[in-house]
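Novice: If you scroll down you'll find the structure; I have some questions about it.
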């Protein structure tokens with residue numbers, strides 16, 4: 001598990017943690033059954049508050065990426081290919097909707113956005 005926190009990001013730290021772990025699960029880098037570190041350990045390693053890691057773990061569990069076994073820890077869920085694709089689609093829709101609204105507020109047309117996406121893709 002590899003997490004990089006950017007303190008200069010506008011995105012809250014718990015969201016950065018959630019995004020990176022969920023992406024690693026979707027890409028298959030974190031396999032089903034992988035045991036995430038305890039919240040306190042992760043907080044110490046990342047140099048963030050326990051509350052921040054707890055929120056990220058809760059969001060991961062709420063969205064079905066991980067599950068908790070009382071007294072044993074948090075583990076990566078065994079997601080089917082369909083579940084992985086569905087979660088991936090949900091993530092892109094949420095992020096794209098926010099980004100597109102922002103670019104529309106700056107006055108970009110659909111054609112301009114498509115050209116920019118093609119350029120950087």
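The values are calculated or read from the model by the stated rules, or taken from the named source; none is laboratory data. Only a predicted model underlies this, so the values are computations on that prediction, with no experimental measurement involved. Methodologically, a virtual Cβ is constructed for each residue, glycine included, from the backbone with ideal geometry; neighbour enumeration extends over all protein chains shown.
Novice: Considering only residues of region 82-121 that are at negative phi and not in a helix (DSSP H, G or I), which is surrounded by the most Cβ atoms within 10 Å (Cβ to Cβ)?
Specialist: Step by step, filter region 82-121, then rank; the result is 108.
Novice: Go through (1) in contact (Cβ under 8 Å) with a residue 40 or more places away in the chain; (2) over 13 Å from the mean Cα position of the chain (by Cα) and name the single condition residue 91 misses.
Specialist: (2)
Novice: Let me confirm something: among 48, 53, which residue is outside any helix (DSSP H, G or I) and at pLDDT 95 or above?
Specialist: Numbers: 53 fails: outside any helix (DSSP H, G or I).
Residue meeting the stated conditions: 48.
Novice: Is there a residue being surrounded by 14 or more Cβ atoms within 10 Å (Cβ to Cβ) and in a helix (DSSP H, G or I) anywhere in region 62-81?
Specialist: Checking region 62-81: not a single residue is surrounded by 14 or more Cβ atoms within 10 Å (Cβ to Cβ) and in a helix (DSSP H, G or I).
Novice: Next question, about the same structure. So which of 71, 33, 64, 28 ends up being outside the structural domain of residue 99 (by TED's automatic domain parsing) and within 13 Å of the chain's Cα centre (by Cα)?
Specialist: Only one candidate passes the filter, namely 64.
Novice: Sticking with this structure for a sec: What number of residues in region 29-46 are exposed (fewer than 15 other Cβ atoms within 10 Å of the Cβ) and either without any contact (Cβ under 8 Å) to a residue 40 or more places away in the chain or over 16 Å from residue 1 (Cβ atoms) (or both)?
Specialist: 6
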